[in-house]
Amino acid sequence: MAQRHPRWEFLKAAGALNPHPELVRAHLFEAHRFFDPLDKVQVKYEMLRLHAVDGETVRAASTAFGFSRQTFYTSAQDFELLGIVGLTDEKRGRRGPVKLSEGDLVWIDGLVRENPELSGRAIAERLSKERSVEVHRRTVERVLTQVGKKNG
């Protein structure tokens, strides 16, 4: 079994590991150690730069860096919107579910015991109005499902 490059785990955790470094054929990546074909962010950036600065066609740039034209266009759009972060594989948006405090959960439990007919939307609205906690109705519905109080 081949030994992994020391940066492999770091790049994977950062959402920047190129799963196919062997497809990178760009001269820079073959001629200079500074350029790392394992680093997907660097590879995508250089692909975009080759097109934008050096005037290479999208087809030639994407081929040289081992990506499809669709990936080129998606990467260009993500880079335009988010900068360098847009070139990672990291998921966009919130990093996880909204966490309700223990007090919020107790409050919801009491409210549901008193008014079992309340919908997730109604509970979320009351949570906002009465406790200044903004959550989506689906967050409330998931909480209720998890504790077995209500099904969606």
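Bear in mind that the values in this text are calculations on the coordinates, not laboratory data. Model, not experiment: these values are computed from the prediction. Ideal geometry is used to build each Cβ from the backbone, glycine not excepted, and the neighbour counts take in all protein chains shown.
Things worth noting here:
- Number of residues in the range 1-49 that are under 26 Å from Ala60 (Cβ atoms), among the aromatic types (Phe, Trp, Tyr) and out of contact with any helix residue (DSSP H, G or I) (no Cβ under 9 Å at 6 or more places or on another chain): the value is 0.
- Residue in the range 30-49 that is exposed (fewer than 12 other Cβ atoms within 10 Å of the Cβ), in a helix (DSSP H, G or I) and either of a type in the set (Val, Ile, Thr) or at negative phi (or both) present: yes
- Subset tally (residues that are outside any loop (DSSP other than H, G, I, E, B) and surrounded by 13 or more Cβ atoms within 10 Å (Cβ to Cβ)) for the range 9-27: 6
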